[in-house]
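S.K.: First the structure, which I've put down as structure tokens, then a few questions once you've had a look.
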Amino acid sequence: MKKVFYLLFFVATSAHAASLDIGTNYRLRGISMDKTDFGATTGQEYSYYSQRLLAHIGGKFSPNIEFMTQFQAIGIAGSSSAIVSPIANPSGSRYPHTDFTPWVQLGYVKATQLYDLPVDITFGRQSILLGDGFLLSDDDLGFTGIRLEGRLPWYGLQAQLFTFKTSDSVMGSHDTDLYGFELTKPTRNIRYQASIVTERDKSGSTIYIRPSENSLTFAPGTDLRASKIERTFYDARIEGRLREGGFYKGEFALQSGSVDRSTTTLGDVDLGGYAFLVSGGLFTRFSKYGPIEIHGLFGVASGDSGGSSDNSFRPSFGHKYDGLERSGFGEFYGSTLYDAIPSSTYGPGASTNSVSGLPIGHSGIRVIGAGVTTHPTSLLSIGIDYFVFTSQESTNFSAASSESGLGTEIDIGVGFAYTNYLSFRGTYAIFSPGAAYGAFTDNATRIVLEAVGRF
């Protein structure tokens, strides 16, 4: 350990052109949730601490070479097991450890202005985020691969090209790959983006069941694994700022691809589908209650209605996690346009095929949201948000499945920035399940008290 500190001291003091970057970020959340399966079973009350620690060291050791390493540890306080409830850990086995054992999140080298050309290359384990994560986000996991970024000589265009392996095997071709290209045209107040992202899953271990298929009717021992899943997304995005104070965003994506289930009796599947999301907000600095922002959103993703193609829009790496918790529309429901938080009844470990967290047979989500955030003081913020969720497609496996209402949620949050290095936040969320959940009508609640320290 002493040798490590001596090396860091030598690098920081002896290289005149070097700049060393060291920092940490610790977050502790006290979380309490009740009736998480809406009264279907007893014992669905959870109270625990969720914690996340980030520590990084890196810097520039020549004018155009950057190196960065970041470690992360996440876990449920008091838990010595990596396996916890799907409610407390909806990400499942996505992260290497969930028992607060540190693991490498980032470890990359970036070279800028290669041969004085407007081209940068980054290789190693790195973060990736396209737009707001509609199609692709590593969600603080880090993907290993190579990324090229460049400033094109035409019309101020910017581009990036990347390839990542999200899982790999030493022998054979049983791995999962990501390929993508993004083109950006920034202007003073508007940013235009177009991208193509391809997911190729050749692991041979991924369970694939169409939302319109009822796994309860499959013959015993049916092999549900797909030997290959390939999805390609074509995406267009725009975001801008209003001069009067405000913002607007819009994104539209098409999905195509195929699923190879030739080793099973279920047969291959062609993929289609679409999704779009629009949002906006207005901001004023002068009001009786301090600066106020009013915002809203509307989004839709297609679902699987049966037939020859599965049109349920389901990117595998869209943004939906924040450490061990969901991140999305609603503090409790954590919805994207295609899935939501799982529970002991509607989750990956359930006896149904509802790996999306939705009732069996449902796919595609339509979400409408609106809210207001005010800042009574420069350090205090108060916000209220309201969401309405419905499913786009449902297959009548049960009496409840024909209903499309998934539920509504209201969130109330308070944030306080004590200093630049310490902040606090508290939220209260109440989710009211819709008719799609049948007889399970109890409201679910989520209370979070959070403290974040950083330097």
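The values are calculated or read from the model by the stated rules, or taken from the named source; none is laboratory data. All of these numbers come straight from a predicted model, not from anything done at the bench. Cβ atoms come from the backbone with ideal geometry, glycine included; neighbour counts cover every protein chain shown. Side chains included, ligands, DNA and RNA excluded: accessible areas come from the protein's heavy atoms. Shrake-Rupley method; radii C 1.70, N 1.55, O 1.52, S 1.80 Å.
S.K.: Tell me yes or no: at least one residue of the range 34-50 is assigned to a loop (DSSP other than H, G, I, E, B), open to solvent by less than 30 Å² (accessible area, probe 1.4 Å) and touching a Pro at 6+ places or on another chain (Cβ under 6 Å).
M.R.: yes
S.K.: Right, another one. Only one of (1) more than 21 Å from the chain's Cα centre (by Cα); (2) over 25 Å from Glu239 (Cβ atoms); (3) surrounded by 15 or more Cβ atoms within 10 Å (Cβ to Cβ) is not met by Pro220, so which one is it?
M.R.: Against the list (1) more than 21 Å from the chain's Cα centre (by Cα); (2) over 25 Å from Glu239 (Cβ atoms); (3) surrounded by 15 or more Cβ atoms within 10 Å (Cβ to Cβ), Pro220 comes up short only on (3).
S.K.: Is there a residue being crowded, with 18+ Cβ neighbours inside 10 Å, at pLDDT 95 or above and part of a loop (DSSP other than H, G, I, E, B) anywhere in the range 258-271?
M.R.: So far as the range 258-271 goes, no, none of its residues is crowded, with 18+ Cβ neighbours inside 10 Å, at pLDDT 95 or above and part of a loop (DSSP other than H, G, I, E, B).
S.K.: Consider Leu178 carefully, then state whether it is open to solvent by 60 Å² or more (accessible area, probe 1.4 Å) and closer than 30 Å to Tyr155 by Cβ.
M.R.: Here the answer is no, as Leu178 does not meet what is asked.
Residues checked against (1) assigned to a loop (DSSP other than H, G, I, E, B); (2) among the aliphatic types (A, V, I, L, M); (3) open to solvent by 20 Å² or more (accessible area, probe 1.4 Å):
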position	(1), (2), (3)
Ile229	no, yes, no
Tyr234	no, no, yes
Gly240	no, no, no
Tyr248	no, no, yes
Phe252	no, no, yes
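S.K.: Tell me, please, whether a residue that is part of a loop (DSSP other than H, G, I, E, B), of a type in the set (A, V, I, L, M, F, W, C) and open to solvent by 30 Å² or more (accessible area, probe 1.4 Å) can be found in the range 186-205. Quick ask: steps written out before the conclusion?
M.R.: First, the residues of the range 186-205 that are part of a loop (DSSP other than H, G, I, E, B): 187-189, 202-205.
So of that shortlist, the ones also of a type in the set (A, V, I, L, M, F, W, C) come out as none.
Within the range 186-205, none of the residues are part of a loop (DSSP other than H, G, I, E, B), of a type in the set (A, V, I, L, M, F, W, C) and open to solvent by 30 Å² or more (accessible area, probe 1.4 Å).
S.K.: If you don't mind, there's one more thing I want to ask. Between a first residue in the range 74-92 that is under 16 Å from Lys35 (Cα atoms) and among the aromatic types (Phe, Trp, Tyr) and a second residue that is in a loop (DSSP other than H, G, I, E, B) and at pLDDT below 75, which pairs have beta carbons less than 7 Å apart while being 6 or more apart in sequence or on different chains?
M.R.: From residues that are under 16 Å from Lys35 (Cα atoms) and among the aromatic types (Phe, Trp, Tyr), there are no pairs.
S.K.: Considering only the range 206-227, how many residues are free of Cβ contacts under 8 Å to residues at least 60 places away in the same chain and either in a strand (DSSP E or B) or within 30 Å of Val278 (Cβ to Cβ) (or both)?
M.R.: The qualifying residues number 3.
S.K.: Name the one entry in Asp116, Asp99 that is surrounded by fewer than 16 Cβ atoms within 10 Å (Cβ to Cβ), of a type in the set (D, E, K, R) and in contact (Cβ under 8 Å) with a residue 24 or more places away in the chain.
M.R.: Going through Asp116, Asp99 in turn, the sole match is Asp99.
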